[in-house]
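Below is one structure, written out as structure tokens; comments come after it.
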Amino acid sequence: MKTYLRLLKFCCVLAALLCCKLPGGNLLYSQTNTAGATDTLSKVTVSADAKQLESNSRFSPGLHVQRLDLPQISSLNSLGDVLQKETSLYIKEYGRGMNSYISVRGTSSSHTSVDWNGESFSMPTMGQADLSHIPLYFFDNLSLHLGGGSALYGNGSIGGSIQLESAPVFANQGDGEFLFSGDITLKGGSYETFFTGATARYASSHNSGRTSAYWNFSNNAFSFKDNSKPGQPEDRQHNAQFANWGIYQQLAHKFKDEKSVLAFNFIHLNFKRQVQPSVASNNDPSLWHDILDRNTKAILKFSSQAGNLKYDASLSFNRDYELYENDVIAANRFAASAGLGYSGTRWNLKAGGRVEYIKPEVEWYGNGTYEWRSEIYALAFWKPFPSLMIGGGLRGTFVTNTSVPVQPVLNMKWMATHWLALRASASRSTKVPTMNDKYWGGVNAYLKPEKGTTFEGGADLEFISGAWNLNAFATVFNTDVKDWIRWLPAGEVWRPRNVPKVRTKGVESGVRATGTYGNTKLKFSANYSYTDVRKLESDIPLDPSAGKQMAYQPYHVVNCSAGIDYRQWNMILGYNYTGSRTTTDIYDSLPGYSLLDLSLAREFRLFNHECTLCGELKNILNTSYQNVKFYAMPGINFMINAQLRF
């Protein structure tokens, strides 16, 4: 009850303060991806940086890049939530709101880079990003780059890369107005789950700012069937509460030449949660634990343009801190980077570099442990004919006590017709051993960096007929990963070792169709992935897992949705299927499962401001399932979401 009262008091005070300050006249409305919403942007210019360098995806026409709408008004609070609902990628979850890790094309979570405005969300100590810690609320754009891309995005991009962006907003030059906009978002649902967020944007023609904050809480005491006991009796989840909050501050200044921008971005995230126990340990408090994570990122970036040349430079600081019981795993990262690009009629060129210093705070590392990492890269895009695009590049990486091979990429895209494009790509990517890999319990100098060689080909289709628009893609891929790092028992301790060779191959496909009839818009999307990932050469003699599908890698993942927009109403029915997968015991497997969700939303105006009210039912079939063996997931549950935009 105290939690409810605190939330209610906070929301009422916040709403009163913001509503009483709502200015009249011209407003800069925030961009929000909601059903039927219309963005009022006549007075503003929106860009990540008005004079920024070309995105690296420009230099990879042969790779499939999927840009996802960020559903600000839904129950999807984290990056893991949206990827699971909008793609056919496999997300490994250790319970509702718990650790969430991505697998792209059968690779591990450390083989996919997750970047925000050029800074990695992966902890240098552990080398992976927990997607449950990354809130959607702070980001404007999300793009998913599938395929080997270390030459494009740096260390760890063997399976792919996730690029997040928060974009500054400026008013049009000469308007002489100060524009103000924002939103208040409230959510509440099953298991005493609450979310509240507030954003304020403010801008003139030469200055821009954004302040955002959110708080998320769940008691998370859902019921489940205990499959560790005979008869699978029903139990209620204990020790799974989580509470997280975060703040985001952005400040940007456009200089009088209209070509130069100085931007500062700051994020602090605080995630405190109880570690959900397995179903077998659910009623034993002696086996319960909790964990605290804090992540701070600050970026100062200058960008400008002179004719066809664009250039930028940035300084950044990252601190990652994790407290598990009495053990601290933390690290400070200091980085500097610079880039130079040329944009021509047929050619685009880009080159740059980055240097990074990492100082860990881990008891189990040796005294005085640190690491330097630096990179240089060169990328090119060539369009010799209107129907042919060729991209490629090289990246060199230099790391303390580690020899890293050069990472090349070469790809192309050919417009066979005005509605069909064919593409192909070849690349070599790397993943540097994490600091835990290299320094935990001593210096593990024998470890080699992981190396992935990828060949892929695919097709993109875009077809418009009357009121219908159809987009589809399909990709076939093969990736050989040498020296895949895994931890194995070595006497009484565990040590990292290189697996000689792992091969992952498969198919990715998707289709999206929309049609409009008067006031009615119909929408349909579907994604399917088939992934075969096996250990071809083992580091263990007579390894029984050699040649078999690797643990927690489903062959099949399906995601699809159907929706209808009618005037101010929107309804979406979503379906997700995750196929069977083996556990860490290769002779044991978890059954596949299907989830069905339903949402209904309505747009309306309140005090002359846009509002959205949305209700969602998740797992409406009340499926009993586990993503990871013995870690329970909830049955049918609901969420009610409301957002006011001003």
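The values are calculated or read from the model by the stated rules, or taken from the named source; none is laboratory data. Everything numeric in this text was worked out from a predicted model, so none of it was measured. No Cβ is skipped: glycine too gets one built from the backbone with ideal geometry, and neighbour counts run over all protein chains shown. These accessible areas exclude ligands, DNA and RNA; they are computed on the full protein's heavy atoms, side chains included. Shrake-Rupley method; radii C 1.70, N 1.55, O 1.52, S 1.80 Å.
Whether a residue is open to solvent by less than 40 Å² (accessible area, probe 1.4 Å), free of Cβ contacts under 8 Å to residues at least 60 places away in the same chain and in contact with a Leu (Cβ under 6 Å, 6 or more places away or on another chain) was assessed, and ALA421 does not pass this test. Every listed requirement among (1) open to solvent by 20 Å² or more (accessible area, probe 1.4 Å); (2) at pLDDT 95 or above is met by ASP532 save one, (1). Any residue in the range 282-300 that is outside any loop (DSSP other than H, G, I, E, B), touching an Asp or Glu at 6+ places or on another chain (Cβ under 7 Å) and over 26 Å from THR125 (Cα atoms)? No. Looking only at the range 627-645, count every residue that is of a type in the set (A, V, I, L, M) and assigned to a strand (DSSP E or B) and tell me the total. Looking only at that region, the number is 5.
Residue-by-condition table, conditions (1) of a type in the set (Val, Ile, Thr); (2) open to solvent by 40 Å² or more (accessible area, probe 1.4 Å); (3) in contact (Cβ under 8 Å) with a residue 24 or more places away in the chain:
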position	(1), (2), (3)
THR520	yes, no, yes
ASP539	no, no, yes
MET550	no, yes, yes
ILE572	yes, yes, yes
LEU590	no, no, yes
TYR593	no, no, yes
LEU598	no, yes, yes
SER624	no, yes, yes
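Of all residues in the range 77-111, those satisfying the criterion of being open to solvent by less than 10 Å² (accessible area, probe 1.4 Å) and part of a loop (DSSP other than H, G, I, E, B) are THR87, GLY95, MET98, VAL104, GLY106, THR107.
Within the range 106-125, the set of residues being within 25 Å of ASN216 (Cα to Cα) and not β-branched (Val, Ile, Thr) comprises SER109, ASP115, TRP116, ASN117, GLU119, SER120, PHE121, SER122, MET123. Annotation: THR185 fulfils all but one of (1) open to solvent by 50 Å² or more (accessible area, probe 1.4 Å); (2) touching a Phe, Trp or Tyr at 6+ places or on another chain (Cβ under 8 Å); (3) touching a residue at least 60 places away in the same chain (Cβ under 8 Å); the unmet one is (1).
The strands (runs of 3 or more DSSP E) found wholly in the range 204-256 and carrying at least 1 residues that are in contact with a His (Cβ under 7 Å, 6 or more places away or on another chain) occupy 207-218, 242-254. Against the definition (open to solvent by 20 Å² or more (accessible area, probe 1.4 Å), more than 30 Å from TYR365 (Cβ to Cβ) and touching a His at 6+ places or on another chain (Cβ under 6 Å)), how does PHE455 come out, yes or no? So PHE455 fails the test. Just name the residue that is nearest to GLU93 (Cα to Cα) out of those in the range 261-273 that are surrounded by fewer than 21 Cβ atoms within 10 Å (Cβ to Cβ) and not aliphatic (A, V, I, L, M). Checked the range 261-273; the qualifying residue nearest to GLU93 (Cα to Cα) is LYS272. For the range 121-145, taking the residues that are of a type outside the set (Asp, Glu) and under 18 Å from ALA263 (Cα atoms), the one that is surrounded by the most Cβ atoms within 10 Å (Cβ to Cβ) is identified as PHE138.
Among the criteria (1) open to solvent by 10 Å² or more (accessible area, probe 1.4 Å); (2) closer than 27 Å to TYR94 by Cβ, the one PHE607 does not fulfil is (2). Within the range 458-479, being over 30 Å from LYS521 (Cβ atoms) and without any contact (Cβ under 8 Å) to a residue 40 or more places away in the chain holds for VAL476, ASN478. Of all residues in the range 475-501, none satisfies the criterion of being modelled with pLDDT under 95 and within 30 Å of ASP460 (Cα to Cα). Cβ separations smaller than 6 Å between residues 6+ apart or across chains give the following pairs from the range 259-285 residues that are within 23 Å of ARG319 (Cβ to Cβ) and at pLDDT 95 or above to residues that are of a type in the set (Gly, Ala, Ser) and assigned to a strand (DSSP E or B): ALA263/ALA252; PHE266/ALA298; LEU269/GLY246; LYS272/ALA243. From the list ALA546, ALA601, ALA551, the one residue that fits, being touching a strand residue (DSSP E or B) at 6+ places or on another chain (Cβ under 9 Å), outside any loop (DSSP other than H, G, I, E, B) and small (Gly, Ala, Ser), is ALA601. Just one of the listed residues (LYS259, LYS272) is out of contact with any Pro (no Cβ under 6 Å at 6 or more places or on another chain) and either of a type in the set (S, T, N, Q) or part of a strand (DSSP E or B) (or both), and it is LYS272.
Exactly one condition in (1) aliphatic (A, V, I, L, M); (2) surrounded by 15 or more Cβ atoms within 10 Å (Cβ to Cβ); (3) modelled with pLDDT of 95 or more is not met by VAL507; state its number. Just one mismatch for VAL507, condition (2). Among the residues of the range 170-182, count how many are open to solvent by 10 Å² or more (accessible area, probe 1.4 Å) and at negative phi. Here the count works out to 6. Return yes or no: is GLY563 open to solvent by less than 20 Å² (accessible area, probe 1.4 Å), of a type outside the set (A, V, I, L, M), at pLDDT 95 or above and closer than 19 Å to ILE102 by Cα? Answer is no for this residue.
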